[in-house]
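A.B. asks: The following block contains the structure, expressed as structure tokens.
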Amino acid sequence: MSILDLQQTLREKVRQTALEKFNVELEQVTTEVPPKTELGDLAFPIAFELAKRLKQNPRNIAETLKSALESFDFVGKVEVAGAGYLNVFYNRTKFLTENADKDFFKTSDENSPKVCVEHTSVNPNKAAHIGHVRNSVIGDTFVRILKANGKRVEIQNYIDNTGVQVADVVVGFVHLRKLNLAQIKELVENLEVPFDYYCWDLYTEVGKFYAKNEENKKLRAEVLHELEKGEGEIYELADFVATRNVECILRTMERFDIRYDLLPRESEILHLHFWQKAFELMKERGVIHLETEGKNAGCWVMPFDSHTANEEHEADKILVRSNGTVTYTGKDIAYQMWKLGLLGLDFNYKLFQTYADGKQVWITTAEKSEAGYIPEFGGSETVYNVIDTRQSYPQEVVKKGVATIFPEKGEAASVHLNYEMVALSPAAAEELGFQLSDEDKKRLFIEMSGRKGLGVKADDLIDRLEANAFNEVEARHKEISDDEKNLIAHQIAVGALRYFLLKFTKNTVVVFDFKEALSFDGETGVYCQYTAVRTNSIFRKLEENGLATAIKTVSDNPNDVAEIFDSGIGNDIWSMVALAFRLEETILQAALTTEPAILAKYNFNLAKAFNLFYHNHKIISEENAVKRAVLIVIADLTRRALTAGLQTMGIEVPERM
RNA sequence: GCGCCCGUAGCUCAGUGGAUAGAGCGUUCGGCUCCGAACCGAAAGGUCGCAAGUUCAAUUCUUGCCGGGCGUACCA
């Protein structure tokens, strides 16, 4: 019986007993983890609540509930503590013997309803920076969390290939560099820096070009117009540039072990008439109307009464501009409807690329779909959009819009998985070579800006981390090959960066600081990896079949095991077991609260607890056979929980480090 | 103006209607003949922004105020 099942059973018993003995129907039975192992494994503060309703002493109530729980065989004992806590102690021996070789994950159920996670969605006009990586890492980790909970997940990375940002870099190629498509193709062949780095710089040049003269922005409008047409030389040039950038960004993300199933493109939302269809539906259901007077005259707007209007802003959200073009939010509503299987139209698809292990990424196309097998995309039960909190307002419009057209689907199907931005500390900005104004120097943080070229590029950072890790590995393991050192350095770099981005809760602004991000000590992914490597090394040193023998020894000698748990070190080693078994509920909680940081904290605490355990107990050299077996089984449980927990964060455990 | 978020140790951050509010970094001290020291232990460090309210119980919930951030685009 798993911890989750056990908890559920105990909660049910409490509910039943409250009904039988006190005639009280409890809607929800809350539990908590006592602050110390000595106080038990699970606490019910329920007596406080009942005391109020029954006007009785909480301790007396707790005593009554106590006997009901004690009859259950997975429960060792129950104590009433403090003012009326009901503290449950699990039957440690039974628990350990029954779960010694437990698997930590549910297997993904192919028949369960599909959910969709959209993340990354970087504008394909420049290299990805650390802020984009926060998005991708949160998204990818959330995908892993859902899968660990048995969900079937489709991963989409939206490509805004016809938007303002792509138009700007096209302006750079055409009007600043004076290049045509053939010349750009030639440039790509001979470039010394990656193409997305080249675009990064060009994009900032375009920013300066616009700042110099407002007139220059007319060029952007011209390009945008060409992009909307969906044909012609400029369109093909833009398509080439955007596609090369998508390739670069996918390559960057692959370094972090982040992959996608589908790349839906904005151009297809337009050219396959997704928007027209959504527009018709919205008009039919009266969700939007044509404004005839005032500031928004000539626009199709969606009323949005949770915002109040003032002199500067109308409360309504414009979906179609007075010149007839659609806003991003409008297109997003159509896209969201498709994701939920509500639109009644589908994309055409072609294969974009195949990863080294054979996994495929597909992309949408306006042309006919490729012949042969095409996976089914879209039509998800629930959609999680991983987008930073600055886009809460348009996301709210999308959610409300879709729910108004399809009330049967409702708002709950669209989840904006929002998180705060990554900004730079003033010191980090200066380290990147940016001159700060006196005003900026006083700020707590400085927002990154693609337009200004202010940001830490993802590839630069991972390069630096890998170089540092390589040096550390070399200092410790002179004997291994450079290939292996490179692999380990890569795993460490990914571990460091992914953990760094996941240890902050979503609504904390990450103020990027090089020293912190590059650290391998303390609360880091590297610390967790090191601990896992250490646990593995115990098992390398152990005799053959050492683990199997230990498991057998433990199950054959319950009385001796019980004696160990009752001894002076009992609480100490049991707390290790209890923590390792908390992985499952941690992952469930992370899914329910859409908060991956919970998992990061758990992994760190588990690693920390193991390091302490490791220092306090000599495992291999322990002479008492049963005690040795118990220690081995616990070390094995811990390493499997830690490895699984890290894997769910997208962090691998190196062979050595 | 309105909406959302934040204010907890020197710094960066967790956390909870309830048991002694925690971690990392930094500082000081101690620990490798011993399963890996990218480690472990100890010490110091707190009016949980301020005030009122709800409650048996508030750092947590409510309201107001102060300070900071982000939105509130015919950008995304």
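A.B. asks: Can you give me the ranges of the helices (runs of 4 or more DSSP H) entirely in the stretch A:404-486 with at least 2 residues that are at pLDDT below 95 and either in the same structural domain as A:Thr389 (by TED's automatic domain parsing) or closer than 30 Å to A:Gly341 by Cβ (or both)?
C.D. replies: Values: elements: A:426-431, A:438-442, A:458-476.
Output list is empty.
A.B. asks: Across the stretch A:338-376, what is the number of residues that are in contact with a Pro (Cβ under 8 Å, 6 or more places away or on another chain) and in a loop (DSSP other than H, G, I, E, B)?
C.D. replies: Total meeting the criteria: 1.
A.B. asks: Given the condition open to solvent by less than 10 Å² (accessible area, probe 1.4 Å) and closer than 23 Å to A:Gly230 by Cα, answer yes or no: does some residue in the stretch A:374-382 qualify?
C.D. replies: no
A.B. asks: Taking the stretch A:398-422, which residues are surrounded by fewer than 21 Cβ atoms within 10 Å (Cβ to Cβ) and within 14 Å of RNA strand B (Cβ to nearest atom)?
C.D. replies: Selection gives A:Lys400, A:His416, A:Asn418, A:Glu420, A:Met421.
A.B. asks: Let me ask something additional. Of everything in the stretch A:546-581, what is open to solvent by less than 10 Å² (accessible area, probe 1.4 Å), within 12 Å of A:Ala629 (Cα to Cα) and within 16 Å of RNA strand B (Cβ to nearest atom)? Give them in sequence order.
C.D. replies: Once the filter is applied, which keeps residues that are open to solvent by less than 10 Å² (accessible area, probe 1.4 Å), within 12 Å of A:Ala629 (Cα to Cα) and within 16 Å of RNA strand B (Cβ to nearest atom), the stretch A:546-581 yields A:Gly546, A:Ala550.
A.B. asks: Go through the stretch A:524-545 and report how many residues are near RNA strand B (Cβ under 6 Å from one of its atoms), of a type outside the set (Phe, Trp, Tyr) and open to solvent by 50 Å² or more (accessible area, probe 1.4 Å).
C.D. replies: Filtering the stretch A:524-545 down to residues near RNA strand B (Cβ under 6 Å from one of its atoms) leaves A:526-527, A:530, A:533-534, A:537-538, A:541.
Subset that is of a type outside the set (Phe, Trp, Tyr): A:526, A:533-534, A:537-538, A:541.
Narrowing the set further to residues that are open to solvent by 50 Å² or more (accessible area, probe 1.4 Å) leaves A:541.
Final tally of qualifying residues: 1.
A.B. asks: Identify, from the list A:Val241, A:Val246, the residue that is β-branched (Val, Ile, Thr), touching a strand residue (DSSP E or B) at 6+ places or on another chain (Cβ under 7 Å) and either assigned by TED's automatic domain parsing to the domain that holds A:Thr364 or surrounded by fewer than 23 Cβ atoms within 10 Å (Cβ to Cβ) (or both). Walk me through how you get there before you give the answer.
C.D. replies: Values: A:Val241 fails: touching a strand residue (DSSP E or B) at 6+ places or on another chain (Cβ under 7 Å).
Being β-branched (Val, Ile, Thr), touching a strand residue (DSSP E or B) at 6+ places or on another chain (Cβ under 7 Å) and either assigned by TED's automatic domain parsing to the domain that holds A:Thr364 or surrounded by fewer than 23 Cβ atoms within 10 Å (Cβ to Cβ) (or both) holds for just one of A:Val241, A:Val246, which is A:Val246.
A.B. asks: Counting only residues that are more than 6 Å from RNA strand B (Cβ to nearest atom) and touching a residue at least 12 places away in the same chain (Cβ under 8 Å), which one in the stretch A:612-629 is farthest from A:Asp572 (Cα to Cα)?
C.D. replies: Ranking the candidates gives A:Ala625 first.
A.B. asks: Test A:Ala590 against the criterion of being within 12 Å of RNA strand B (Cβ to nearest atom), among the small types (Gly, Ala, Ser) and farther than 18 Å from A:Ile538 by Cβ, and give yes or no. Outline the logic, then answer.
C.D. replies: On the way: within 12 Å of RNA strand B (Cβ to nearest atom): yes; among the small types (Gly, Ala, Ser): yes; farther than 18 Å from A:Ile538 by Cβ: yes.
The answer is yes for A:Ala590.
A.B. asks: Based on what the data block shows, is A:Gly286 more than 13 Å from RNA strand B (Cβ to nearest atom), over 30 Å from A:Leu461 (Cβ atoms) and in a loop (DSSP other than H, G, I, E, B)? Write out each step before concluding.
C.D. replies: Values: more than 13 Å from RNA strand B (Cβ to nearest atom): yes; over 30 Å from A:Leu461 (Cβ atoms): yes; in a loop (DSSP other than H, G, I, E, B): yes.
The answer is yes for A:Gly286.
A.B. asks: With the stretch A:27-141 as the region, which strands (runs of 3 or more DSSP E) entirely inside it contain at least 2 residues that are more than 30 Å from A:Val494 (Cα to Cα), at pLDDT 90 or above and among the aliphatic types (A, V, I, L, M)? Before the answer, list the steps.
C.D. replies: On the way: elements: A:42-44, A:75-81, A:85-90, A:114-118.
Here the list reads A:42-44, A:75-81, A:85-90.
A.B. asks: Only one residue in A:Thr638, A:Thr643, A:Thr648 is in contact with a Phe, Trp or Tyr (Cβ under 7 Å, 6 or more places away or on another chain) and of a type in the set (Ser, Thr, Tyr), so which one is that? Please lay out each step first, then the result.
C.D. replies: Working: A:Thr643 fails: in contact with a Phe, Trp or Tyr (Cβ under 7 Å, 6 or more places away or on another chain); A:Thr648 fails: in contact with a Phe, Trp or Tyr (Cβ under 7 Å, 6 or more places away or on another chain).
Going through A:Thr638, A:Thr643, A:Thr648 in turn, just one is in contact with a Phe, Trp or Tyr (Cβ under 7 Å, 6 or more places away or on another chain) and of a type in the set (Ser, Thr, Tyr): A:Thr638.
A.B. asks: Output yes when any residue across the stretch A:262-277 is in a strand (DSSP E or B), among the basic types (Lys, Arg) and either closer than 30 Å to A:Tyr197 by Cα or modelled with pLDDT under 90 (or both), and no when none is. Full working, then the answer.
C.D. replies: Step one: of the stretch A:262-277, the residues in a strand (DSSP E or B) are A:262-263, A:265.
Within this subset, residues satisfying the condition of being among the basic types (Lys, Arg) are A:265.
Narrowing the set further to residues that are either closer than 30 Å to A:Tyr197 by Cα or modelled with pLDDT under 90 (or both) leaves A:265.
Yes, the conditions are met somewhere in the stretch A:262-277.
A.B. asks: May I pose another question? Could you please find all residues in the stretch A:127-139 being in contact with a Lys or Arg (Cβ under 9 Å, 6 or more places away or on another chain) and either open to solvent by 10 Å² or more (accessible area, probe 1.4 Å) or assigned by TED's automatic domain parsing to the domain that holds A:Ile598 (or both)?
C.D. replies: A:His129, the sole residue that qualifies.
A.B. asks: Quick check on my filter: what residues within the stretch A:423-454 are at negative phi and open to solvent by less than 20 Å² (accessible area, probe 1.4 Å)? Before you say what the answer is, go through the steps one by one.
C.D. replies: The first filter runs over the stretch A:423-454 and keeps only residues at negative phi, leaving A:423-432, A:434-452, A:454.
Once the filter is applied, which keeps residues that are at negative phi and open to solvent by less than 20 Å² (accessible area, probe 1.4 Å), the stretch A:423-454 yields A:Ala423, A:Leu424, A:Ser425, A:Ala428, A:Ala429, A:Ile446, A:Gly450, A:Leu454.
A.B. asks: Return the only residue of A:Leu50, A:Leu10, A:Leu6 being under 16 Å from A:Leu579 (Cα atoms) and surrounded by 15 or more Cβ atoms within 10 Å (Cβ to Cβ). Lay out the reasoning, then the answer.
C.D. replies: Working: A:Leu50 fails: under 16 Å from A:Leu579 (Cα atoms); A:Leu10 fails: under 16 Å from A:Leu579 (Cα atoms).
Result: A:Leu6 is the single residue among A:Leu50, A:Leu10, A:Leu6 that is under 16 Å from A:Leu579 (Cα atoms) and surrounded by 15 or more Cβ atoms within 10 Å (Cβ to Cβ).
A.B. asks: Determine whether A:Thr505 is hydroxyl-bearing (Ser, Thr, Tyr), in contact with a Leu (Cβ under 7 Å, 6 or more places away or on another chain) and either modelled with pLDDT of 95 or more or within 11 Å of RNA strand B (Cβ to nearest atom) (or both). Show your work before the answer.
C.D. replies: Working: hydroxyl-bearing (Ser, Thr, Tyr): yes; in contact with a Leu (Cβ under 7 Å, 6 or more places away or on another chain): no; either modelled with pLDDT of 95 or more or within 11 Å of RNA strand B (Cβ to nearest atom) (or both): yes.
In short, no.
A.B. asks: Same structure, new question: Might you check whether a residue that is closer than 21 Å to A:Lys359 by Cβ and either of a type in the set (Val, Ile, Thr) or in contact with a Cys (Cβ under 9 Å, 6 or more places away or on another chain) (or both) occurs anywhere in the stretch A:179-201?
C.D. replies: Just the residues of the stretch A:179-201 that are closer than 21 Å to A:Lys359 by Cβ, to begin with: none.
There is no residue in the stretch A:179-201 that is closer than 21 Å to A:Lys359 by Cβ and either of a type in the set (Val, Ile, Thr) or in contact with a Cys (Cβ under 9 Å, 6 or more places away or on another chain) (or both).
A.B. asks: Taking the stretch A:13-29 on its own, how many of its residues are surrounded by fewer than 16 Cβ atoms within 10 Å (Cβ to Cβ) and among the charged types (D, E, K, R)?
C.D. replies: Number of matching residues: 4.
A.B. asks: Also, I was wondering about something else. Inside the stretch A:161-240, counting only helices (runs of 4 or more DSSP H) that do not spill past its ends, which hold 2 or more residues that are farther than 20 Å from A:Gly450 by Cβ?
C.D. replies: Details: elements: A:164-171, A:181-190, A:195-212, A:217-229.
In the stretch A:161-240, the matching helices (runs of 4 or more DSSP H) lie at A:181-190, A:217-229.
A.B. asks: While we're here: In the stretch A:361-384, which residues are in contact (Cβ under 8 Å) with a residue 60 or more places away in the chain, of a type outside the set (Val, Ile, Thr) and farther than 23 Å from A:Val402 by Cβ?
C.D. replies: As a first pass, look at the stretch A:361-384 and keep what is in contact (Cβ under 8 Å) with a residue 60 or more places away in the chain: A:361-366, A:375, A:377-384.
Checking which are of a type outside the set (Val, Ile, Thr) leaves us with A:362, A:366, A:375, A:377-381, A:384.
Within the stretch A:361-384, A:Trp362, A:Ala366, A:Pro375 meet the criteria.
A.B. asks: Determine which single condition A:Ala83 fails, assuming it passes every other condition in (1) among the aliphatic types (A, V, I, L, M); (2) within 16 Å of RNA strand B (Cβ to nearest atom); (3) open to solvent by less than 40 Å² (accessible area, probe 1.4 Å).
C.D. replies: (3)
A.B. asks: Identify, please: which residue in the stretch A:508-518 is out of contact with any strand residue (DSSP E or B) (no Cβ under 7 Å at 6 or more places or on another chain) and near RNA strand B (Cβ under 7 Å from one of its atoms) and is, among those, farthest from A:Ala609 (Cα to Cα)? I'd like the intermediate steps shown before the answer.
C.D. replies: Looking only at the stretch A:508-518, we keep the residues that are out of contact with any strand residue (DSSP E or B) (no Cβ under 7 Å at 6 or more places or on another chain), and these are A:508, A:513-518.
With the extra rule that they be near RNA strand B (Cβ under 7 Å from one of its atoms), the set shrinks to A:508, A:516.
Details: A:Thr508: 26, A:Glu516: 23 Å.
Checked the stretch A:508-518; the qualifying residue farthest from A:Ala609 (Cα to Cα) is A:Thr508.
A.B. asks: Same structure again: Please go through the stretch A:151-180 and pick out each residue that is farther than 30 Å from A:Lys114 by Cβ and open to solvent by 30 Å² or more (accessible area, probe 1.4 Å).
C.D. replies: A:Val164, A:Gln165, A:Val174, A:His175, A:Leu176, A:Arg177, A:Lys178, A:Leu179, A:Asn180, listed by residue number.
A.B. asks: Another one. Checking A:Arg628 against (1) open to solvent by less than 70 Å² (accessible area, probe 1.4 Å); (2) part of a loop (DSSP other than H, G, I, E, B): exactly one of these is not met. Which one?
C.D. replies: For A:Arg628, the exception is condition (2).
The values are calculated or read from the model by the stated rules, or taken from the named source; none is laboratory data. Bear in mind that the values here come from a model prediction, so they are computed numbers and not experimental data. For neighbour counting, all protein chains shown are included, and Cβ atoms are generated from backbone atoms with ideal geometry for every residue, glycine included. For accessibility, only protein heavy atoms count, side chains too; no ligands or nucleic acids. Shrake-Rupley method; radii C 1.70, N 1.55, O 1.52, S 1.80 Å.
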